[in-house]
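A.B. asks: First, the structure itself, so that you have it in front of you.
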Amino acid sequence: MSFKRSIAIYWALVLIPTLIMVVVAFRLLRHEQERISREALELVSERGRAVCETIHITVEGVEDSLSASLATIEPARLVETLVLWERTNPLVRNVFVWQEGAPLRYPVPGMESTVEERRFIRRYDSLFSKRIAWESNRGAFSEEVEAYHGATADTLQKASLKTGEKAKRGRQALFDLARPEKSVAVVAQKLGAAPSRERFQPRSGWIPWFAENRLFLLGWVKVAEQGPVFGVELELMTLLSRLGTDLPRFTEPGTGYALVDGNNEILHLSGDAGNGQAPAAVMNVSPLLPHWQVHVFLDGSGGDKGRGFFIVSLILLAILVAAIVSGGALLTWQAHINKKDALQKTSFVSSVSHELKTPLTSIRMYGELLQSGRVRGPEKVAHYLSVIVAESCRLTRLVNNVLDFSRLEQGRKTYHVDRVDLGALVTAMVELHGIRIRAAGMEPEVILPSAPPMVRTDRDAMEQVVVNIIDNAVKYAAEGKRLKFALTVATEGFCELRISDRGPGIPREHRQRIFDKFHRIDTSLTASKPGSGLGLSIARSIARDLGGDLWFEPVKQGGSAFIVRIKKDE
Ligand code: ADP
């Protein structure tokens, strides 16, 4: 299977499951987000419903208490007691006594009544003129009164379970107000045996009344068949001031509960009203308070719980996908590097074998010629022998390079650093390789400073650096005819040996890469010359190991210069 094909299969195996995972995870997260948001709404709605229930219980308790108290009023002192209630009880706004077929007994219509009383009479005109029946609203009085004492205790208990201690106290205060006078209880006891009551089934009711663009609550009682209908109008402001405690005292951030009347005006607010936002849920408070509603607000952090979860999960999912993809990319990159390495090694083996073959063939050929004894003349013999020596030296250099390369790769190369006269070393090297250089058609030139410097280096290693550079010049820059060795003393504790030729030079894009192992410039010139692409890479590694460096500089007139930097011996 080709390399590209395996990479494509690998990516398909990584990406397809990742994609499926992302799609499934995305859908699950969306689902979860919706569930969390729904739950948050359900939670606040549940609390809102509890608020409605509590308010209902409170109002119901107040109404029942007042009805029961009304029933206990002594008929002989009816108007007097009611007027006293009206004056002293903050829960009572107006009182009335109405006898069917007679004018209103109290408040007295006409100029004798106060402004409020006149408005009261006008408000309930349809009731007092019998256009609307009193019983249009609620059930039989007897059931309610009988149930009252038990029910009140029961409702109080229920309510206190749902709300806090403060709300309970507020409600208790309201119920106390609804039983206005202690004396009423005494009167009730006396009246308990009243024969008229036993025969007549007493009736009562509460009428929610809309007038003047607001709600009024009117409670009425009829205890005797021939007796009057009498009752009270509730002071809603007093009731309202206590209802606030039925809203939750502590709310979650971003949630709010508002008690709203029929005109959409907020009567009580607990928590966050959502800055003009529409309420998340609206519920009717109670049939006892028609059109009053509890608005539940859920915004910002409250409603965003699900969204926050969704975003955090998405970020985590993105991190996971990024990790998978970058891991895959890293593996692909590593596979490319490995493949490149493998290719380089194969080409290295073939080029090294080729390099070994050429000198070996020459040595064998000239050796056999000499062995056959057919070579005539001492000059010829000397020439053949010198070729054999030169080729064996080339073999040695090659083998040295290969060995050095493996030692450097494994970090096993050792150096014997010593004090070395660099001028003498350069001169000796040029002398040693002079024949080779000249044979290639180049003229070596050495420029030394007046006082050649002493350096700290490994002589053999340094020789190998110089030889590799000379080898390249001989191979690639012979046409330039000149090879210059210039030694200078650099200021910051270093010497620099600049070996320059006038050959073809090195194209800009290869100037750094020629120091990479196995890198050869792909031209007809290099193709015709043996080489493994190791010479400069080994030379730079050695120079750096010895505390110096090796780099390339182009020669202005054309050609290459390799600069070896060596540490001075201070
Ligand atoms: P090799 O000579 O075995 O190919 P090197 O690492 O010694 O490997 O050199 C790397 C490449 O740099 C060579 O293949 C050659 O293309 C280029 N090069 C090195 N020295 C010179 C030079 N003096 N002139 C032109 N090209 C050179």
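A.B. asks: Among (1) in a helix (DSSP H, G or I); (2) farther than 30 Å from Leu15 by Cα, there is one condition Leu343 misses while meeting the rest; what is its number?
C.D. replies: Every listed condition holds for Leu343 apart from (2).
A.B. asks: Would you mention how many residues in region 554-566 are part of a strand (DSSP E or B) and farther than 16 Å from Val466 by Cβ? Can you show your working first?
C.D. replies: Restricting attention to region 554-566, the residues satisfying the condition of being part of a strand (DSSP E or B) are 554, 560-566.
Of the ones still in play, those that are also farther than 16 Å from Val466 by Cβ are 554.
Selection size over region 554-566: 1.
A.B. asks: Still on this structure: If Glu479 passes every condition in (1) in contact with a Phe, Trp or Tyr (Cβ under 9 Å, 6 or more places away or on another chain); (2) of a type in the set (D, E, K, R); (3) within 16 Å of the ligand (Cβ to nearest atom) but one, which one does it miss?
C.D. replies: Evaluating Glu479 over (1) in contact with a Phe, Trp or Tyr (Cβ under 9 Å, 6 or more places away or on another chain); (2) of a type in the set (D, E, K, R); (3) within 16 Å of the ligand (Cβ to nearest atom) leaves (1) as the failure.
A.B. asks: Can you tell me which of Asp460, Asp471 is within 11 Å of the ligand (Cβ to nearest atom), at pLDDT below 95 and out of contact with any strand residue (DSSP E or B) (no Cβ under 7 Å at 6 or more places or on another chain)? Reasoning before the result, please.
C.D. replies: On the way: Asp460 fails: within 11 Å of the ligand (Cβ to nearest atom).
Only one candidate qualifies: Asp471.
A.B. asks: Hey, among Pro453, Pro444, which residue is away from the ligand (no atom under 16 Å from the Cβ) and crowded, with 19+ Cβ neighbours inside 10 Å? Talk me through it step by step, then tell me what you get.
C.D. replies: Numbers: Pro444 fails: away from the ligand (no atom under 16 Å from the Cβ).
Just one listed residue meets the conditions, Pro453.
A.B. asks: Are any of the residues in region 356-373 among the hydrophobic types (A, V, I, L, M, F, W, C), in contact with a helix residue (DSSP H, G or I) (Cβ under 6 Å, 6 or more places away or on another chain) and not in a helix (DSSP H, G or I)?
C.D. replies: no
A.B. asks: Restricted to region 105-137, and to residues that are assigned to a helix (DSSP H, G or I) and charged (D, E, K, R), which residue is farthest from Ala211 (Cα to Cα)? Break it down into steps so the answer makes sense when it comes.
C.D. replies: Initially, region 105-137 is screened for residues assigned to a helix (DSSP H, G or I), giving 115-123, 125-128, 134-136.
Subsequent filtering for residues that are charged (D, E, K, R) retains 116-119, 122-123, 125, 135.
Values: Glu116: 14, Glu117: 15, Arg118: 14, Arg119: 10, Arg122: 10, Arg123: 7, Asp125: 11, Glu135: 19 Å.
Residue satisfying both the conditions and the ranking: Glu135.
A.B. asks: Any residue in region 508-520 that is in the same structural domain as Asn468 (by TED's automatic domain parsing) and within 9 Å of the ligand (Cβ to nearest atom) sitting within a Cβ distance under 7 Å of a residue that is polar (S, T, N, Q) and modelled with pLDDT under 90? List the pairs, counting only those 6 or more apart or interchain.
C.D. replies: Phe518/Gln344; Phe518/Ser347; Arg520/Thr526
A.B. asks: So Arg412 passes all but one of these: (1) within 11 Å of the ligand (Cβ to nearest atom); (2) under 60 Å from the mean Cα position of the chain (by Cα); (3) surrounded by fewer than 18 Cβ atoms within 10 Å (Cβ to Cβ). Which condition number does it fail?
C.D. replies: (1)
A.B. asks: What number of residues in region 549-570 are touching a helix residue (DSSP H, G or I) at 6+ places or on another chain (Cβ under 9 Å) and within 15 Å of Glu463 (Cα to Cα)?
C.D. replies: Total satisfying the criteria: 6.
Every residue, every condition in (1) assigned to a strand (DSSP E or B); (2) farther than 21 Å from Val555 by Cβ; (3) in contact (Cβ under 8 Å) with a residue 24 or more places away in the chain, yes or no:
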position	(1), (2), (3)
Ser406	no, yes, no
Arg419	yes, yes, yes
Pro449	no, no, yes
Ala461	no, yes, yes
Ile469	no, no, yes
Val474	no, no, yes
Phe485	yes, no, yes
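A.B. asks: When the residues of region 224-280 are narrowed to those that are over 34 Å from the mean Cα position of the chain (by Cα) and hydroxyl-bearing (Ser, Thr, Tyr), which ends up farthest from Pro290 (Cα to Cα)? I'd like the intermediate steps shown before the answer.
C.D. replies: Just the residues of region 224-280 that are over 34 Å from the mean Cα position of the chain (by Cα), to begin with: 224-247, 258-269.
Among the residues that remain, those that are also hydroxyl-bearing (Ser, Thr, Tyr) are: 238, 241, 245.
On the way: Thr238: 18, Ser241: 18, Thr245: 20 Å.
The extreme case among them is Thr245.
A.B. asks: Further question on the same structure: What number of residues in region 74-90 are closer than 14 Å to Thr238 by Cα and hydroxyl-bearing (Ser, Thr, Tyr)?
C.D. replies: Going through region 74-90 one residue at a time, the tally reaches 1.
A.B. asks: Moving on to the next point. Would you mind listing the strands (runs of 3 or more DSSP E) fully within region 247-331 where at least 2 residues are touching a Pro at 6+ places or on another chain (Cβ under 9 Å)?
C.D. replies: Values: elements: 255-260, 266-271, 281-286, 289-298.
Strands (runs of 3 or more DSSP E) meeting the threshold: 255-260, 266-271, 289-298.
A.B. asks: When region 488-526 is examined, which residues are found to be under 17 Å from Ala477 (Cβ atoms) and part of a loop (DSSP other than H, G, I, E, B)?
C.D. replies: Result: Arg502, Gly503, Pro504, Gly505, Ile506, Pro507, Arg511, Arg520, Ile521, Thr523.
A.B. asks: Continuing with the same structure: Does Thr427 meet the test of being within 60 Å of the chain's Cα centre (by Cα) and hydroxyl-bearing (Ser, Thr, Tyr)? Break it down stepwise before answering.
C.D. replies: Numbers: within 60 Å of the chain's Cα centre (by Cα): no; hydroxyl-bearing (Ser, Thr, Tyr): yes.
Against the criterion (within 60 Å of the chain's Cα centre (by Cα) and hydroxyl-bearing (Ser, Thr, Tyr)), Thr427 does not qualify.
A.B. asks: Assuming Ile435 fulfils every condition listed in (1) within 16 Å of the ligand (Cβ to nearest atom); (2) of a type in the set (A, V, I, L, M, F, W, C); (3) farther than 21 Å from Gly505 by Cβ apart from one, which condition is it?
C.D. replies: (1)
A.B. asks: Ile319: within 20 Å of Thr18 (Cβ to Cβ), loosely packed, with under 11 Cβ neighbours inside 10 Å and at pLDDT 90 or above, yes or no?
C.D. replies: Numbers: within 20 Å of Thr18 (Cβ to Cβ): yes; loosely packed, with under 11 Cβ neighbours inside 10 Å: yes; at pLDDT 90 or above: yes.
Criteria met by Ile319.
A.B. asks: Could you please find all residues in region 210-226 being over 16 Å from Phe128 (Cβ atoms) and either among the polar types (S, T, N, Q) or touching a Phe, Trp or Tyr at 6+ places or on another chain (Cβ under 9 Å) (or both)?
C.D. replies: Residues of region 210-226 over 16 Å from Phe128 (Cβ atoms): 210, 212-215, 217, 223-226.
Result: Phe210, Asn213, Leu215, Leu217, Val223, Ala224, Glu225, Gln226.
A.B. asks: So the check is Cβ under 6 Å with 6+ separation or different chains; which pairs have a first residue in region 386-401 that's part of a helix (DSSP H, G or I) and a second one that's among the acidic types (Asp, Glu)?
C.D. replies: Pairs found: Leu398/Glu355.
A.B. asks: Right, another one. Please work out if Val430 is crowded, with 19+ Cβ neighbours inside 10 Å, touching a strand residue (DSSP E or B) at 6+ places or on another chain (Cβ under 9 Å) and assigned to a helix (DSSP H, G or I).
C.D. replies: Details: crowded, with 19+ Cβ neighbours inside 10 Å: no; touching a strand residue (DSSP E or B) at 6+ places or on another chain (Cβ under 9 Å): yes; assigned to a helix (DSSP H, G or I): yes.
It is false that Val430 is crowded, with 19+ Cβ neighbours inside 10 Å, touching a strand residue (DSSP E or B) at 6+ places or on another chain (Cβ under 9 Å) and assigned to a helix (DSSP H, G or I).
A.B. asks: Would a scan of region 527-542 turn up a residue that is within 13 Å of the ligand (Cβ to nearest atom), part of a helix (DSSP H, G or I) and surrounded by fewer than 19 Cβ atoms within 10 Å (Cβ to Cβ)?
C.D. replies: yes
A.B. asks: Among Gly505, Gly493, which is near the ligand (Cβ under 8 Å from one of its atoms) and touching a strand residue (DSSP E or B) at 6+ places or on another chain (Cβ under 8 Å)? Walk me through how you get there before you give the answer.
C.D. replies: Values: Gly493 fails: near the ligand (Cβ under 8 Å from one of its atoms).
Going through Gly505, Gly493 in turn, the sole match is Gly505.
A.B. asks: Oh, and also: Looking at (1) surrounded by 12 or more Cβ atoms within 10 Å (Cβ to Cβ); (2) farther than 26 Å from Arg438 by Cβ, which is the only condition Val387 fails?
C.D. replies: It fails just one condition, (2).
A.B. asks: Would a scan of region 329-343 turn up a residue that is surrounded by fewer than 12 Cβ atoms within 10 Å (Cβ to Cβ), within 59 Å of the chain's Cα centre (by Cα), among the polar types (S, T, N, Q) and more than 16 Å from the ligand (Cβ to nearest atom)? Break it down stepwise before answering.
C.D. replies: Going residue by residue through region 329-343, those that are surrounded by fewer than 12 Cβ atoms within 10 Å (Cβ to Cβ) are 330, 333-334, 337-338, 340, 342-343.
Narrowing the set further to residues that are within 59 Å of the chain's Cα centre (by Cα) leaves 330, 333-334, 337-338, 340, 342-343.
Cutting the leftovers down to among the polar types (S, T, N, Q) gives us 334, 338.
Then drop every residue that is not more than 16 Å from the ligand (Cβ to nearest atom), which leaves 334, 338.
The answer is yes, given that some residue of region 329-343 is surrounded by fewer than 12 Cβ atoms within 10 Å (Cβ to Cβ), within 59 Å of the chain's Cα centre (by Cα), among the polar types (S, T, N, Q) and more than 16 Å from the ligand (Cβ to nearest atom).
The values are calculated or read from the model by the stated rules, or taken from the named source; none is laboratory data. Model, not experiment: these values are computed from the prediction. Note that each Cβ is placed from the backbone with ideal geometry, even for glycine, and that neighbours are counted across all protein chains shown.
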